[in-house]
Structures are given as structure tokens and as C-alpha cells.
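Everything below concerns the one structure shown next.
The values are calculated or read from the model by the stated rules, or taken from the named source; none is laboratory data. Values in this document were obtained by computation on a predicted structure and should not be read as measured data. Reconstructed Cβ throughout: ideal geometry from the backbone, glycine too, with neighbour counts over all protein chains shown.
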Amino acid sequence: MYQLLKQEGAARRGQFTTVHGTVQTPAFMNVATDGAIKGAVSALDLKELHCQVQLCNTYHLHLRPGDDKVKKLGGLHKFTQWDGPILTDSGGFQVFSLAKLRNIQEEGVTFASHIDGHKIFMGPEESMQIQSHLGSTIAMAFDECMKNPAEYDYAKRSTERTTRWLIRCKAEMERLNSLPDTINPQQMLWGINQGATYKDLRIEHMKAIRELDLPGYAIGGLAVGESADVMYDIIETVEPYMPKDRPRYLMGVGTPANILESIRRGVDIFDCVMPTRNARHGHAFTMQGIRNLMNAKYELDTLPIEEGCECPTCRHFTRAYVHHLMKAGEMLGMRLMVLHNLYFYNTLMEKIRDALDKNEFEQFYSKVLPSISIRI
């Protein structure tokens, strides 16, 4: 259930209610691929980092430990000890990006595991069954994520098949939610808009999938090789055709600047591995720009990563200490960096929501955008 609270231009301030709690939007989802944030961060840490939603990966959890085992253990909420909303992606992106030797048919995709090469089949029904076993709050539809640029004819055929797959996902989820042993009988299915970078395909597909009256919609297949300007252009093209009374999720995006630009174009929800991945390589996001803690200039720097930041790292440790840990290859260094970056992303969303509440988003956007991407 989504409620649009107010709007400034295309930028939206809202909230959506789930069986596992209410999410204030715009929001950033914290990526816990295998049920944990990379960098030794647990679900218990996420509360302190102002996280609202944990994102887990269907493909990875299906391969290891196995979704059947997660179901026996009570689902992802019990397994990870996270009590807020969890979104599971369908596995589609990983099937097309990680898997070896895949074969796409109307029924689904046969592929070889990237772990040990064993053959797996996944289609719409299988993806829904896995996500039902995981017991997530939101299950994403099984789709094909094309590489950009894609041939027009292929993109058209693929997008039409994704629509047919979505219809099958919806039917299977309704069946699964009616079973007596389903962990979360109120699991929601969100559809994914595809169409590569072809505006007519994007619009046609959005019109087709909105007819299914799903509780949420995502824009997929972006941030996979095209420029940021092309991505923004596609968002602007699709946005008028997205239901106003449903949350809008831009998958796998992105930098703080990408997020600000996309909120300005009407997107509500984001996820990306960037804050954690960059943290593990020593890059810290701050309101002044990006700071590389591996640099020698931090050897004797007794300031926190970002002055005024209230994250667990900045409250207790200096740049010099974090620099030392990163140079020494200590796991604690990565953990402290990840804690900072996730706190930064989640509190950036709070600042954006606050600006929208005060009808000051445009001023915030103009003030923050120039500095937020600078390399310090």
C-alpha cells in the first residue's frame, strides 16, 4: 500500500506499508546479497545505520545455502535476524551476468552455476517458488536483463517474453500465497520494466505491465553500460506511464548524484552495491565528495572520515586509524568503511525526505549536487 504524501516537480515524498513495516520514501535498500552486507556487517548493524530495507539475492541464496534450507530455518527474517522489510531480486540479472552457458527458452533459462558449473533451470515459477521459500516482503518478477546496446528486434522479443513471464509470476505467486505452509502469505510481487534504450519499447512495456495492477514497479536494465544521460532520458520517458499510486524502484543505481537526479525525475527506491564495494577499496562518500582513505596524506590525520557524521566509525575512529587498517589489510578497516558509507547513503535519503517535506528539494539538489561527486 503506497501513499504519495507530497510532490515537488516530479520528485515524490511517500511511504509504503508492508507486513514487515512502513518504508519512508525516497529510500535506499542495503544490499545483503547472501544474507549479509559484504564487509562483516550484520542485520543488527543496519538499525544503527538507519536502514529501512534489506535486499537479498535469489540466485545466490538458491545456490548456497539453498532456499529449501532457508525455508526450514523459518525464512530470511529469522535466518538473518532482520525484522524490517526484505526485497529479494528474482535472480534474472545474475542468470544473465554471472552464469556460464545459458540457454533462454519460453519456459525459462537453463544455465550453469558460477560456483561449480552444475546445470540449473529457472523460469518464472521457479523464481517465485524460491522467493516464497525465502519469505521476503517483496519478490521481484523474473525477467531478462539485456546488455546495452541491444539489437532492436531482440529487445522487442525479449521484452514481450518478459511480459509473458510476469503474467506467469503473478499466477504462481497467488498460488504460493494460498498454501498453508507459506512463510509470508502476504508476499508482494513487483513488476520490472524492460526495453533496453528504446523509448517505444519502454513505453509499450510499461503500459502492458501496469495493467496487471501490481503493488510496485521497477525500471530494470539500466546502469548496464549506457551513459548516465541515456539512463536519465529513459527514466523521463517511462515515468509518465508508471502508476502514480505505486512505489517506483530503479534497480542497481547508483552514485549519490545518480540518486539525486533520479529522485528529481520521479523515482522512489534504489539499491546499489556501490557504497559497500567502494568502501572495501578505501573510498568513503561524504557531503564534501569522495575521500580515498588509502592515500598517504591520512597517515597522521586525527579527524573522523567526515566531520559532523554520527556513524559508528566517525564517532569513534580517526582517518589515520582507518587508513592504517586498510593498508594493513585488516577486516576491521573494511567493516568501518562500510558502516560509514551505508550510514551516509541512508542519511542522505533522510536529508532528501526532509527537503521534500519542507518543499526545499530543488535548493537541496542545487546545493549538494556539485560537491557530492568530487574526488577530494
Got a number for residues in region 360-376 being touching a residue at least 24 places away in the same chain (Cβ under 8 Å), over 18 Å from Arg13 (Cβ atoms) and assigned to a helix (DSSP H, G or I)?
3
If we keep only residues of region 185-203 that are surrounded by fewer than 18 Cβ atoms within 10 Å (Cβ to Cβ) and farther than 30 Å from Asp83 by Cβ, then the residue farthest from the chain's Cα centre (by Cα) is Asp200
Quick one: what pairs do we get from region 342-357, first residue crowded, with 22+ Cβ neighbours inside 10 Å and modelled with pLDDT of 95 or more, second part of a helix (DSSP H, G or I) and not hydrophobic (A, V, I, L, M, F, W, C), C-beta under 6 Å, 6+ apart or different chains?
Leu342/Pro275; Tyr345/Pro275
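Just checking, does region 198-221 include any residue being part of a helix (DSSP H, G or I) and touching a Pro at 6+ places or on another chain (Cβ under 8 Å)? Let's see the steps before the verdict.
As a first pass, look at region 198-221 and keep what is part of a helix (DSSP H, G or I): 199-210.
Still in the running and touching a Pro at 6+ places or on another chain (Cβ under 8 Å): 210.
There is at least one residue in region 198-221 that is part of a helix (DSSP H, G or I) and touching a Pro at 6+ places or on another chain (Cβ under 8 Å).
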Residue satisfying condition, being more than 23 Å from Asn30 (Cβ to Cβ), β-branched (Val, Ile, Thr), touching a Leu at 6+ places or on another chain (Cβ under 8 Å) and surrounded by fewer than 24 Cβ atoms within 10 Å (Cβ to Cβ), within set Thr237, Thr182:
Thr182
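So if I check each of Thr162, Thr88, Thr137, which one is hydroxyl-bearing (Ser, Thr, Tyr), touching an Asp or Glu at 6+ places or on another chain (Cβ under 6 Å) and in contact (Cβ under 8 Å) with a residue 40 or more places away in the chain? Walk me through it before giving the result.
Numbers: Thr88 fails: touching an Asp or Glu at 6+ places or on another chain (Cβ under 6 Å); Thr137 fails: touching an Asp or Glu at 6+ places or on another chain (Cβ under 6 Å).
Exactly one residue qualifies, and that residue is Thr162.
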So in region 115-170, with the set limited to residues that are more than 30 Å from Gly21 (Cβ to Cβ) and of a type in the set (Gly, Ala, Ser), which one is modelled with the lowest pLDDT?
Gly117
List the residue pairs whose Cβ atoms are under 8 Å apart, where the first residue sits in region 186-215 and is within 12 Å of Pro243 (Cα to Cα) and of a type outside the set (A, V, I, L, M), the second is surrounded by fewer than 24 Cβ atoms within 10 Å (Cβ to Cβ) and modelled with pLDDT under 95, and the two are 6 or more positions apart or on different chains.
Pro215/Met1
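Return the total of residues in region 24-40 being β-branched (Val, Ile, Thr), farther than 20 Å from Met326 by Cβ and either in contact with a helix residue (DSSP H, G or I) (Cβ under 7 Å, 6 or more places away or on another chain) or not in a strand (DSSP E or B) (or both).
Step one: of region 24-40, the residues β-branched (Val, Ile, Thr) are 25, 31, 33, 37.
Among the residues that remain, those that are also farther than 20 Å from Met326 by Cβ are: 25, 31, 33.
Then drop every residue that is not either in contact with a helix residue (DSSP H, G or I) (Cβ under 7 Å, 6 or more places away or on another chain) or not in a strand (DSSP E or B) (or both), which leaves 31, 33.
Of the residues in that region, 2 qualify.
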If only one of Asp34, Asp68, Asp83, Asp116 is surrounded by fewer than 16 Cβ atoms within 10 Å (Cβ to Cβ), under 16 Å from the mean Cα position of the chain (by Cα) and either without any contact (Cβ under 8 Å) to a residue 12 or more places away in the chain or assigned by TED's automatic domain parsing to the domain that holds Arg157 (or both), which one is it?
Asp34
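I'm checking my understanding of the structure. Among residues of region 111-151 that are of a type in the set (D, E, K, R) and in contact with a helix residue (DSSP H, G or I) (Cβ under 7 Å, 6 or more places away or on another chain), which one is farthest from Gly225 (Cα to Cα)? I'd like the intermediate steps shown before the answer.
Here is the first cut: in region 111-151, the residues of a type in the set (D, E, K, R) are 116, 119, 125-126, 143-144, 147, 151.
Now narrow it down to the ones that are in contact with a helix residue (DSSP H, G or I) (Cβ under 7 Å, 6 or more places away or on another chain): 125, 143-144.
Numbers: Glu125: 29, Asp143: 18, Glu144: 16 Å.
Taking the candidates together, the pick is Glu125.
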